[in-house]
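Have a look at the structure below, then the notes.
Values in this text are rule-based calculations from the coordinates and carry no lab data. Everything numeric here is computed off the predicted structure, so don't read it as measured data. Neighbour counts run over all protein chains shown; Cβ positions are idealised from the backbone, glycine included.
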Amino acid sequence: MHPEPNTPAGLGLPRWHQALEARDVAALPSLIAVDAVFHSPVVHTPQVGRARVAGYLGAAFQVLGSGPFRYLREVVGHDQAVLEFETEIAGVYVNGIDWIRWDADGQIIDFKVLLRPAQALGAVQAQMAAMLAAGR
């Protein structure tokens with residue numbers, strides 16, 4: 001399903017796909033609102049602010065994108081989309097959902113990641129922790 005062109009999702013989703021496909025970490029700050037919030041499947045507290053959200057998404061590009069990452073389906077609304085994905089990390093199958101909300105300008109204001117199965121959560125947690133520690 002393609003979003004309506006002049007809606008927040010219509011503005012933001014195509015830019016998200018372009019950055020993800022190119023693994024363009026440098027493009028992330030321009031996609032994210034100043035006060036955006038990231039909800040990680042492995043960190044209890046929400047991560048707030050453009051720099052922090054860009055850091056987590058940049059690490060996710062590298063960790064989740066290191067395998068055969070692909071979106072399986074998308075459910076798109078006016079200002080949000082739920083994107084189901086799959087990939088493989090270190091031989092572990094990962095299935096998850098990116099739930100993204102955009103503001104009126106098409107910038108990400110809320111990004112939530114859900115993962116399954118339990119082994120996938122452990123694999124992602126270990127690699128994300130290493131990636132984020134290396135970036136600090």
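What the table shows:
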| quantity | calculated |
| --- | --- |
| Which labelled figure in (1) 26, 16, 14; (2) 21, 17, 16; (3) 23, 17, 13 is semi-axes √(5λ) of the Cα gyration tensor in Å, once derived from the coordinates | (3) |
| Size of charge dipole - the range 8-135 - debye, nearest 20, with Cβ of Lys, Arg +1 and Asp, Glu -1, no other charges | 220 debye |
| Net charge contributed by nearby residues that have their C-beta within less than 15 Å of PRO46 (K/R +1, D/E -1) | +2 |
| Once the Cα gyration tensor of the range 58-102 is diagonalised, semi-axes √(5λ) in Å | 22, 11, 6 |
| For the chain, calculated [θ]222 nm from helices alone, where every DSSP H run of n ≥ 4 adds -39500 (n - 2.57) | -12000 deg cm²/dmol |
| Charge sum, other residues only, whose C-beta stays under 15 Å from GLY10's C-beta, Lys/Arg counted +1 and Asp/Glu -1 | -3 |
| Selection of trypsin sites (Lys or Arg not before Pro), the range 1-92, meeting DSSP coil and at most 16 other Cβ within 10 Å | ARG23 |
| Per-residue Cβ neighbour rank within 10 angstrom, fewest leading, TRP99, TRP16 | TRP99, TRP16 |
| FRET E, pair ALA133, LYS112, Förster distance 25 Å, beta-carbon r, rounded to 0.05 | 0.65 |
